[in-house]
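Inspection log for the structure reproduced underneath, given as structure tokens.
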Amino acid sequence: MDQLSYSAAWLSRWRDEITGAVNSMMSNFEETYGYEPGANEVRAAGEEDLRAARDYGREVLGFEDLLTFYESIREVVLPDVGNGCFVHPARDVLRRLAEEGPVFVPEADDPLGMVIASNGGGVLYVADWGGAIHRSRSASLEDAQFDKVADDLPRFLDDVRRCVVTFVETGVTGDL
């Protein structure tokens, strides 16, 4: 994306680019892939989501970039893009954190984090306390190993955007 600094305006442009790419893909999806697509969208935050964002803002593992995200975006639901891509709503992130506790990411500078996203194959994306994003090597958090995929949330989101656009243009699943 361009040089606009990470903000609600940046997220609006990010959402518009993904929505444009997905809309292009939907125009001939069934003919291309042989089945009817699911709902593929970046859902804007509503009033309930803003309350969840405020709850997230009080969470000790929370960080500013993710709070900014949740104040603008409810969730990302892209089941038909590559292996699928899902950025979970704040309410689900907080529920999982309350039920399961923080995720231990031994490779991270800040080794505690929370699951914020996943793909259709069960791979999980964990944001550590410092804001870096890590991908699980398997679909389980039990004895999980992680690879750092982005130093911060804006880079992760830009990688998501790039993977969506690449998939729509070429049919090739990007490496997220």
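The values are calculated or read from the model by the stated rules, or taken from the named source; none is laboratory data. Everything quoted here is computed from the prediction, not taken from an experiment. When we count neighbours, we look across all protein chains shown, and the Cβ atoms used for this are built from the backbone with ideal geometry, even at glycine. Note: areas computed on protein heavy atoms with side chains; ligands, DNA, RNA excluded. Shrake-Rupley method; radii C 1.70, N 1.55, O 1.52, S 1.80 Å.
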Unique match (being open to solvent by less than 60 Å² (accessible area, probe 1.4 Å), more than 15 Å from the chain's Cα centre (by Cα) and of a type in the set (S, T, N, Q)) among Ser72, Ser118, Ser140, Ser136: Ser140
Within the range 53-66, the residues that are surrounded by fewer than 21 Cβ atoms within 10 Å (Cβ to Cβ) and under 16 Å from Arg95 (Cα atoms) are Arg54, Asp55, Gly57, Arg58, Glu59, Val60, Leu61
Please tell me if Arg155 is modelled with pLDDT of 95 or more, out of contact with any Pro (no Cβ under 9 Å at 6 or more places or on another chain) and of a type in the set (Lys, Arg). yes
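Rundown of residues vs (1) in contact with a Phe, Trp or Tyr (Cβ under 8 Å, 6 or more places away or on another chain); (2) open to solvent by 30 Å² or more (accessible area, probe 1.4 Å); (3) closer than 17 Å to Glu100 by Cα; (4) not polar (S, T, N, Q), yes/no style:
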{"residue": "Val126", "(1), (2), (3), (4)": "yes, no, yes, yes"}
{"residue": "Ala150", "(1), (2), (3), (4)": "yes, no, no, yes"}
{"residue": "Leu157", "(1), (2), (3), (4)": "yes, no, no, yes"}
{"residue": "Val160", "(1), (2), (3), (4)": "no, no, no, yes"}
Single residue of the range 6-32 satisfying the filter (under 17 Å from Phe86 (Cβ atoms) and either out of contact with any helix residue (DSSP H, G or I) (no Cβ under 9 Å at 6 or more places or on another chain) or of a type in the set (Lys, Arg) (or both)) that is surrounded by the fewest Cβ atoms within 10 Å (Cβ to Cβ): Thr19
Flag for Asp80 being in contact with an Asp or Glu (Cβ under 8 Å, 6 or more places away or on another chain) and either open to solvent by 10 Å² or more (accessible area, probe 1.4 Å) or over 22 Å from Asp151 (Cβ atoms) (or both): no
Residue by residue through the range 61-102, note down the ones that are among the acidic types (Asp, Glu) and farther than 23 Å from Cys163 by Cβ. Glu64, Glu71, Glu99, Glu100
Looking for something under 25 Å from Val103 (Cβ atoms) and of a type outside the set (Ser, Thr, Tyr) - is there at least one such residue anywhere in the range 23-32? no
List the residue pairs whose Cβ atoms are under 7 Å apart, where the first residue sits in the range 65-90 and is touching a residue at least 24 places away in the same chain (Cβ under 8 Å) and under 19 Å from Ser24 (Cα atoms), the second is among the basic types (Lys, Arg) and part of a strand (DSSP E or B), and the two are 6 or more positions apart or on different chains. Val77/Arg43
In the range 33-45, which residues are farther than 15 Å from Val76 by Cβ and either open to solvent by 80 Å² or more (accessible area, probe 1.4 Å) or within 18 Å of the chain's Cα centre (by Cα) (or both)? Tyr33, Tyr35, Glu36
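Yes/no matrix, rows are residues, columns are (1) closer than 28 Å to Ala21 by Cα; (2) touching a Cys at 6+ places or on another chain (Cβ under 8 Å):
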residue: Glu107; (1), (2): no, no
residue: Leu112; (1), (2): no, no
residue: Ile116; (1), (2): yes, no
residue: Leu124; (1), (2): yes, no
residue: Leu141; (1), (2): no, no
residue: Ala150; (1), (2): yes, no
residue: Arg155; (1), (2): yes, no
residue: Val164; (1), (2): yes, yes
residue: Gly174; (1), (2): yes, yes
